[in-house]
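The values are calculated or read from the model by the stated rules, or taken from the named source; none is laboratory data. All values derive from a computational prediction rather than experimental measurement. Here the Cβ positions follow ideal geometry from the backbone for every residue, glycine too, while neighbour counts run over all protein chains shown. Side chains included, ligands, DNA and RNA excluded: accessible areas come from the protein's heavy atoms. Shrake-Rupley method; radii C 1.70, N 1.55, O 1.52, S 1.80 Å.
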Amino acid sequence: MRLRFAPSPTGYLHVGGARTALFNWLLARQSGGAFLLRIEDTDRNRSRPEHVDAILNGLMWLGIGWDEEPVHQADGLERHRSDAMRLLDAGRAYRDFTTQAEFARARDDAVEAGTGTVARLSRELAARVPPDEGRRRAEAGEAFAVRFLVPDGVTVWDDLVHGATRFDNGQIDDFVILRSDGTPTYNLAVVSDDADMEITHVVRGDDHISNTPKQILLYEALGEDVPAFGHLPMILGPDGKRLSKRHGAQAVGAFRDEGILPEAMVNFLALLGWSPGTDEELLSGGELVERFSLERVLKKGAVFDQAKLLWMNGQYIARMDPAEIAATLRGVLADEGIRDSKLDLPEHAFLRMAAALAPRSRTFVEMAALSRPYIGPVRDYNPKAARKAWYRDRDGAAAVLRAIRDRLASARWEESTLAEELRGLAAERGVGAGKIFQPLRLALTGVPASPGIFDVLLILGRERSIRRTERAIQHIGTTG
Ligand code: GLU
């Protein structure tokens, strides 16, 4: 199998493009075939080199590697033109000198006369210029478009996703293959390039399905082998409409910046329109290569569920080993400007923190935010939590924190002893453990939710824990 991904570099690599690339890549890897890239950069006004870079970087980040040098469609211009001329010479295409204004006028007339169909209008208009005259005018340098002469009949193919698919050729306008400025249109360029690259399977979005009969007709007219076609369901937002910027992040790079892991993104993309046939949701790249099949691609739209992506990412984080979690977190913190030298935490404590925060984080960006009270000072206390845990009974809260401080000062610094001490304190005072842990948690982290309190103590160490407790006692006595 020779497959390809053919992005137009008019924007970043978005979710839909990444999914198309992934499905093609999975099929190529599974079959031992080739996965090729073609940059469709013939639209000079909208194509940008920075978009090419963003697309290639996005693919590399996902681990979707390509075979052979990427092809640039613009390099094929001469071949596109000569293919158009070949069709012209063979009588499968014709010159059209009709101007846009003439065409618009004729179309309005046809609509007014109620003839109903305009599908063959361009053919009728062009026929007013006999071939000999056309050749003469062309030789004299007059500009003309080349239109494909759509044959009668039906065009049928066995779509790899949708099954037998047919289009009545009578509904297909004689489409332009070469514009009057000598540039090829999308359908001609794609067929010419796919044939040249010996593509055997064209797998792309459903939005291209109406192009496929035109392309099949072009292959046949050019005498080329027709590849197999499969069309993937559109990706929809939660509102059932086609996924767009309205629905939030769409560029693959934005997901990376939000802290999504490439493995999770690949897993998530694979399930956008495909299912393994079981209720398994976590599948590694290797498992995907092994199990992917177009037969299991859905025909209807696939809904993009951001919450599921975050959940999945959390699952991937939970499966990483602690050293890897710590290293990744360091990287994210460094990206946020917090280098190792600025971390107020020794190595073993950082490791413990990363392991404790991992199950509470869906992304490393969330983890970096949660790590703030440990890697640096507590700057303020969550007001709602402070009202509840401290201000309702200031004297009581201060007394509890003083008792805690005394125990922290003398206890052996290990989880079991700390637990004994703090639970003992709760029992002595006749209160639930939460009445001890919660005022302390707030003192140590400034927030009402954190990993287990003993983890927090062990991460911060004795000295800092006592200092923070004392600062909270002072705060309770001097505010309000
Ligand atoms: N360049 C086209 C696009 O970005 C894809 C062409 C194709 O896959 O045939 O939609």
Completion exercise
Pairing a residue in the stretch 5-29 that is closer than 17 Å to H208 by Cβ and of a type outside the set (G, A, S) with any residue that is assigned to a helix (DSSP H, G or I) and within 12 Å of the ligand (Cβ to nearest atom), where Cβ atoms lie under 8 Å and the two sit 6 or more apart in sequence or on different chains, gives F5/G17; F5/T20; F5/A21; F5/N24; P7/G17; P7/A21; P7/I55; T10/H51
Fill in the blank from the handout: Scanning the stretch 426-436 for residues that are in contact (Cβ under 8 Å) with a residue 12 or more places away in the chain and open to solvent by 30 Å² or more (accessible area, probe 1.4 Å), the one farthest from Y381 (Cα to Cα) turns out to be R429
Fill in the blank from the handout: Picking from A369, A411, the residue that is in contact with an Asp or Glu (Cβ under 7 Å, 6 or more places away or on another chain), of a type outside the set (F, W, Y) and without any contact (Cβ under 8 Å) to a residue 12 or more places away in the chain would be A411
Handout entry: Failed condition for N313, given (1) more than 30 Å from A355 (Cα to Cα); (2) in contact with a Leu (Cβ under 9 Å, 6 or more places away or on another chain)
Key = (1)
Practice task
Determine if the stretch 172-186 includes at least one residue that is touching a residue at least 24 places away in the same chain (Cβ under 8 Å), within 12 Å of the ligand (Cβ to nearest atom) and under 33 Å from the mean Cα position of the chain (by Cα).
Solution key: yes
Handout entry: Residues of the stretch 342-354 classified as in a helix (DSSP H, G or I), open to solvent by 50 Å² or more (accessible area, probe 1.4 Å) and under 13 Å from L458 (Cα atoms), total
Key = 4
Practice task
Would you tally the residues in the stretch 195-251 being within 11 Å of the ligand (Cβ to nearest atom) and without any contact (Cβ under 8 Å) to a residue 24 or more places away in the chain?
Solution key: 1
Practice task
Output yes when any residue across the stretch 460-467 is closer than 18 Å to R352 by Cβ, crowded, with 21+ Cβ neighbours inside 10 Å and under 47 Å from the mean Cα position of the chain (by Cα), and no when none is.
Solution key: yes
Exercise for the section: Quickly run through the stretch 299-320 and pick out the residues that are open to solvent by 70 Å² or more (accessible area, probe 1.4 Å) and among the hydrophobic types (A, V, I, L, M, F, W, C). Expected result: V303, W311
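Okay, residues lined up against (1) more than 30 Å from S284 (Cα to Cα); (2) touching a Phe, Trp or Tyr at 6+ places or on another chain (Cβ under 9 Å); (3) open to solvent by 70 Å² or more (accessible area, probe 1.4 Å):
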{"site": "I64", "(1), (2), (3)": "no, yes, no"}
{"site": "P70", "(1), (2), (3)": "no, no, no"}
{"site": "R92", "(1), (2), (3)": "yes, yes, yes"}
{"site": "F97", "(1), (2), (3)": "yes, yes, no"}
{"site": "D109", "(1), (2), (3)": "yes, no, yes"}
{"site": "S122", "(1), (2), (3)": "yes, yes, no"}
{"site": "V129", "(1), (2), (3)": "yes, yes, no"}
{"site": "R136", "(1), (2), (3)": "yes, no, yes"}
Fill in the blank from the handout: Those residues of the stretch 138-154 that are open to solvent by 50 Å² or more (accessible area, probe 1.4 Å) and assigned to a strand (DSSP E or B) come to a total of 1
Handout entry: V161, sole failed condition from (1) of a type in the set (V, I, T); (2) in a strand (DSSP E or B); (3) closer than 30 Å to Y12 by Cα
Key = (2)
Exercise for the section: Determine, yes or no, whether L125 is at pLDDT below 95 and of a type in the set (A, V, I, L, M, F, W, C). Expected result: yes
Exercise for the section: Take E40 and decide whether it is modelled with pLDDT of 90 or more and open to solvent by less than 80 Å² (accessible area, probe 1.4 Å). Expected result: yes
Completion exercise
Result of the Cβ filter at 7 Å on the stretch 330-358, keeping first residues that are among the aromatic types (F, W, Y) and partners that are open to solvent by less than 20 Å² (accessible area, probe 1.4 Å), at least 6 apart or interchain, is F350/A326
Exercise for the section: Exactly one condition in (1) within 26 Å of S192 (Cβ to Cβ); (2) in a loop (DSSP other than H, G, I, E, B); (3) free of Cβ contacts under 8 Å to residues at least 60 places away in the same chain is not met by V118; state its number. Expected result: (1)
Practice task
Kindly indicate which of L282, L272, L288 is crowded, with 19+ Cβ neighbours inside 10 Å and outside any helix (DSSP H, G or I).
Solution key: L272
Practice task
Scan the stretch 219-236 and give yes if some residue there is under 17 Å from N24 (Cβ atoms) and of a type in the set (G, A, S), otherwise no.
Solution key: yes
